[in-house]
């Protein structure tokens, strides 16, 4: 029988279970990363091809991020009631179902089915993000950001490999009589299904349920104030949750808007699927690969410092993307690398803020609600991106997004001054 350490700032309450949890989550994230990247790489191009119009090229991103909003709520509620294992597995299975629907829509040239399937496919995106919370359930407070970052960085391998398989999977789809642009969704369906299988079989003990059990055992009823009692920490909880959510909402909106239209922008300048796949692979790598460093920075220098850095980095991304010539793959890759890095800063710092602020009794439900807002922001960014580019241009979209990201700075300043 394993012993449990007392919950302190530097020691996990159950180190062995935390190590197993991170191992299983890392495995599932490597798989799901490939599924996540498929829709990013060719979703807009597939819609453009089927609709013969650029105006709605941002609609696929809007749909699967809107679908991820509903899925985030569902995964959060199921996890709250039955644990992370059941919630995350169900989310990935739903994403696999959506992938199959996209393939069927492309094969039958049915735009309505494509849009419905992309909405369902969004469950995989939501689940991929929700998994980061599971990494923090058993982590010590002083190591929460690093635990979150460990889960996030695992997405890098699948996320970088996935876009670069766009051409080979397109060839496979063609041999099966399916449109080439639907090829990456073949990979997505298999990847999401395997991720669900890994979690269902091996995420035991469930980290959230175990964390609750350990918390209950450690409580001393006579000495512990009721959870709802007004304390200084509780009084600060609401603005802290709002700040964490705001940081992640803004970074998601800006990132999705610029990312969604970059492959379309490149396509309009004569670049093929391989070039756009490379740029998206660089972007996805920058979204997740810096996570260990970001987690260390958040734990070492504080949540607010890194959250502010996210806004500044996204501004730099917008400026580079706006200034990059359409025929420069290198500069567009640099812009999207900065875009991914800014998003990473915002996600890791915002997640740590939320996890610090929310008690175990309502943690999964609140995290799910926050991710709903994040997904809605992504849907808004994806839908608006096509409209802005059609009405103005890609550089206008990129520069506007960069400037908008600076809105996190006054919110951070207000929070810092109120402490």
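Can you report the number of residues in region 116-149 which are part of a helix (DSSP H, G or I) and over 20 Å from residue 73 (Cα atoms)? Talk me through it step by step, then tell me what you get.
The first filter runs over region 116-149 and keeps only residues part of a helix (DSSP H, G or I), leaving 116-136, 141-149.
Now narrow it down to the ones that are over 20 Å from residue 73 (Cα atoms): 141-147, 149.
The number of residues fulfilling the criteria is 8.
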Worksheet item: Out of curiosity, is residue 314 surrounded by fewer than 20 Cβ atoms within 10 Å (Cβ to Cβ), at pLDDT 85 or above and under 24 Å from the mean Cα position of the chain (by Cα)?
Response: no
Worksheet item: Is there a residue in region 146-167 that is surrounded by fewer than 20 Cβ atoms within 10 Å (Cβ to Cβ) and at pLDDT 85 or above?
Response: no
Practice prompt. For residues that are in a helix (DSSP H, G or I) and more than 17 Å from residue 358 (Cα to Cα), tally how many sit in region 197-209.
Written response: 6
Worksheet item: Before we move on, is residue 106 surrounded by fewer than 20 Cβ atoms within 10 Å (Cβ to Cβ), over 21 Å from the mean Cα position of the chain (by Cα) and either assigned to a helix (DSSP H, G or I) or in contact (Cβ under 8 Å) with a residue 40 or more places away in the chain (or both)?
Response: no
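Out of region 371-391, which residues are surrounded by fewer than 24 Cβ atoms within 10 Å (Cβ to Cβ) and either modelled with pLDDT under 90 or over 17 Å from residue 318 (Cβ atoms) (or both)?
If the condition is that a residue be surrounded by fewer than 24 Cβ atoms within 10 Å (Cβ to Cβ) and either modelled with pLDDT under 90 or over 17 Å from residue 318 (Cβ atoms) (or both), then 372, 373, 376, 380, 383, 384, 387, 390, 391 are the ones that fit.
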Fill in: Filter result (in contact with a helix residue (DSSP H, G or I) (Cβ under 7 Å, 6 or more places away or on another chain), within 21 Å of residue 285 (Cβ to Cβ) and surrounded by fewer than 20 Cβ atoms within 10 Å (Cβ to Cβ)) within region 321-332
329, 331
Worksheet item: So is residue 399 in contact with a helix residue (DSSP H, G or I) (Cβ under 8 Å, 6 or more places away or on another chain), without any contact (Cβ under 8 Å) to a residue 60 or more places away in the chain, in a helix (DSSP H, G or I) and crowded, with 16+ Cβ neighbours inside 10 Å or not?
Response: no
Fill in: Of residues in region 11-43 being at pLDDT 75 or above, out of contact with any helix residue (DSSP H, G or I) (no Cβ under 7 Å at 6 or more places or on another chain) and surrounded by fewer than 18 Cβ atoms within 10 Å (Cβ to Cβ), the one nearest to residue 183 (Cα to Cα)
23
Discussion item. Could you go through region 352-359 and let me know if any residue there is at pLDDT below 95, in contact with a helix residue (DSSP H, G or I) (Cβ under 8 Å, 6 or more places away or on another chain) and not in a helix (DSSP H, G or I).
Written reply: yes
Item to complete: Take region 295-306 and flag every residue that is crowded, with 23+ Cβ neighbours inside 10 Å and either out of contact with any helix residue (DSSP H, G or I) (no Cβ under 8 Å at 6 or more places or on another chain) or modelled with pLDDT of 95 or more (or both).
Response: 306
Worksheet, complete the sentence: Being part of a helix (DSSP H, G or I), modelled with pLDDT under 85 and either within 19 Å of the chain's Cα centre (by Cα) or under 26 Å from residue 265 (Cα atoms) (or both) narrows 113, 93, 46, 73 down to just 46
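The values are calculated or read from the model by the stated rules, or taken from the named source; none is laboratory data. Nothing here was measured: the structure is a model prediction, and the numbers come from that model. Don't worry about glycine lacking a Cβ; one is built from the backbone with ideal geometry, like all the others, and counts go over all protein chains shown.
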